[in-house]
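Below: one structure, written as C-alpha cells.
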Amino acid sequence: MISAGFKRDRETGPKNRKRRDVPLPAFIADQLPASGQIRHGNWRRRVFDPAVTAAGLFPTPVLDDNNEPILDEHGQPTVDYDLHPHELRHTAASLAIAAGANIKAVQAMLGHARASITLDRYGHLYPADVEAITATLDTMLTEDECGQNVGTNESDPVSE
C-alpha cells in the first residue's frame, strides 16, 4: 500500500541484500530516471556533492601534511563539504519520528529486523510523553471512557 503523496521505490539493502520498500515523497520520486534506478557513484559525483557544496553544508578545512590549512588563490582556507548520502537515512528517520511515525513504521522504512534496533538508534528522538499519557489516562478514568468505574466518587460501591 502506498501512502498518499508517496511513491515507493525498491532498493537492494547493503547488508542483507534483501529488497525492501523505501518510501519516497512524490517530489523526489518524480526526479528519478524513468527506470527508477540511480548509479550511486555517478549520482554522488554529478548531483549530490555539487548540491552539498553549493549549499555550503558541513565545511571541513583541507589540511596539508603539517596539519595546516591549505589556502586557495585568495588566501582563504580550502574546504571540502562533507555530507554523505547515508546521512540522509538518519534525516529521513528523524523527520518520520518528528511527524509522529510509530516505531514499527520507522523500523519498516529503515529495513531493521527488530524494532529494538530502531529504538536503540533513534529512541532518544521520541518525546517523553509522560505528561500527555497521564492527562489521557486521567480523562479516560474520570469520564468513564474506559467502561470501568475506578474512581472513588459517592456511587462507587467500594467506598461505601
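The values are calculated or read from the model by the stated rules, or taken from the named source; none is laboratory data. Predicted model only: the values in this text are computed from it and were never measured. Reconstructed Cβ throughout: ideal geometry from the backbone, glycine too, with neighbour counts over all protein chains shown. Heads up: the accessible areas ignore ligands, DNA and RNA and are worked out on the full protein's heavy atoms, side chains in. Shrake-Rupley method; radii C 1.70, N 1.55, O 1.52, S 1.80 Å.
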Once the whole set of protein chains is in place, how much accessible area is left on F27, using a 1.4 Å probe, in Å² to the nearest 10? 140 Å²
If you take the charge dipole of segment 24-149 about its Cα centre, with +1 on Lys and Arg Cβ and -1 on Asp and Glu Cβ, which of T142, H90, H112 is farthest toward its positive end? H112
What is the set of long-range amide H partners of V79 at a cut-off below 5 Å, with H atoms built 1.01 Å from backbone N? V62
By average C-beta atoms within 10 angstrom, highest first, the peptides 106-119, 61-74: 106-119, 61-74
Obtain the nm distance between the two label points defined at N67 and L137 by a simple spin-label model: each point lies 7 Å from its Cα along the Cα-to-C-beta direction. 5.3 nm
